[in-house]
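For reference, the structure is listed below as structure tokens.
The values are calculated or read from the model by the stated rules, or taken from the named source; none is laboratory data. As the structure is a computational prediction, the values presented were derived from the model and not from experiment. FYI the Cβ positions are ideal-geometry reconstructions off the backbone, even for glycines, and counts take in every protein chain you see.
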Amino acid sequence: MRDKKIEKLIKGEEKRQKEGLELIPSENYVSDDVLKANGSVFTNKYSEGYPGRRYYGGQEWTDQVERLAIERACKLFKCKFANVQAHSGAPANLAVYSALLEPGDTVMGMDLSHGGHLTHGHPMTLPAKIYKFVTYKMKNPDTGEIDYEDMLKVAKEHKPKLIIAGFSAYPRTLNYKKFVEIAHEVGAITMADMAHIAGLIAAGALRNPFDDGFDIITSTTHKTLRGPRGGLILTRESEEIAKKIDKAIFPGIQGGPHMHIIAAKAVAFGEAMTPKYKKYAQQVLKNAKAMAEVFKKHKVRMIGGGTDNHLILADVYGSLGVTGKEAQSVLDELGMTLNMNSIAGDTRKPMDPSGIRFGTPAITTRGFKERECKQVAELMIKTLKNKDNNKVKMEVHKEIKKLAKKFPIPKSFV
């Protein structure tokens, strides 16, 4: 590489990933095949429009790539229509809003403090400045149960046109049938934001919202899906909705699609169809439960009381007297990367909250099983209980480096 400054920074990041453990539940590793497609000559090509309907010439290969990505996405998630051009999850959600709603219309989403996502109605985001958002919450943060009775009451009162099932920091499963029932009662369209659990749904490890009658699914293509950083919008069967979404993406909120990313998405979708990937997804869930067992043993409070998916949200401030920010910092220092996170009813500020959020997608990709995940959880708690003890921290750092060396990042998943 001629740019030595950038080359040095890339090598530094490679070393960090190689020698540490990635526990952020929204991060993962991609295969060399995904990386190769991501860095291919498709990055040179402008392809405004859709296959067979482009505004520029020279689309012989781009059309084939996008059609293949669409075909694989539809097969993977059991739907009729897919838009693979969304640049990321937030634009995917915004596209659905702009396709189906008028300014001022009401949307219902999960409260951010109870595990929802910024794009589901946080007042600082663009959608919240255009549309009216109402929220649903957990009935009891210690069990994670959603208050469906209150959700129905709020829906009847505000008549949302769109109801979103999805989350960023929620460790349990959602009752998709309840969402559909409530939506039908108030005449709303249903959308599942499965960005975090797309790979687990694709592999059949978690339930597909389409099986319960959802109209739309939005997602990122990284996280558990192990693809490039990008977005995805799926429509179960309505061609009318699918056409509106396509127009909302282009020319609505985006220009030319990133064809190199779409090529990499197609590769990732293909990898997710393999038997090996199904085993991976099941192991992600087993590993998360194993880590939760350790936290429960040490009486560390977990929102939802444990996990049904790939992530855990722990109240380290209430249980260990360590703030989320402190926990993130000290664990990162020792090679365990996770993120601080607010919890339901948090009395602390978002930039210095009570909780931490961590998960198992990336370490499972490296080959970790339940035994190693329990070991990591023990090391996390040991560190937090001894955050000012340099001797303990040095011991933990050595153990983490040993684990990272024993389980190198794989180059191929098939």
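What to note about this one:
- Summed over the stretch 98-118, the residues that are surrounded by fewer than 18 Cβ atoms within 10 Å (Cβ to Cβ) and part of a helix (DSSP H, G or I) give a count of 1.
- Within the stretch 168-198, the set of residues being assigned to a loop (DSSP other than H, G, I, E, B) and within 20 Å of the chain's Cα centre (by Cα) comprises S168, A169, Y170, P171, R172, T173, L174, N175, M194, A195, H196, I197.
- Look at (1) under 19 Å from the mean Cα position of the chain (by Cα); (2) without any contact (Cβ under 8 Å) to a residue 12 or more places away in the chain and you find that A82 fails only one, number (2).
- Tally of residues being out of contact with any helix residue (DSSP H, G or I) (no Cβ under 8 Å at 6 or more places or on another chain), among the hydrophobic types (A, V, I, L, M, F, W, C) and farther than 17 Å from S88 by Cβ across the stretch 218-274: 1
- Subset tally (residues that are assigned to a strand (DSSP E or B) and touching a Ser or Thr at 6+ places or on another chain (Cβ under 6 Å)) for the stretch 204-219: 1
- Hits in the stretch 290-307 - residues which are charged (D, E, K, R) and surrounded by 18 or more Cβ atoms within 10 Å (Cβ to Cβ): R301
- Among the residues of the stretch 119-147, those that are hydroxyl-bearing (S, T, Y), under 27 Å from G359 (Cβ atoms) and surrounded by 16 or more Cβ atoms within 10 Å (Cβ to Cβ) comprise T119, T125, T135, Y136.
- Verdict on K223 being within 24 Å of T190 (Cβ to Cβ), modelled with pLDDT of 95 or more, within 18 Å of the chain's Cα centre (by Cα) and assigned by TED's automatic domain parsing to the domain that holds N93: yes
- Residues (farther than 24 Å from P103 by Cβ and not hydroxyl-bearing (S, T, Y)) located in the stretch 141-166: P141, D142, G144, E145, I146, D147, E149, D150, M151, L152, K153
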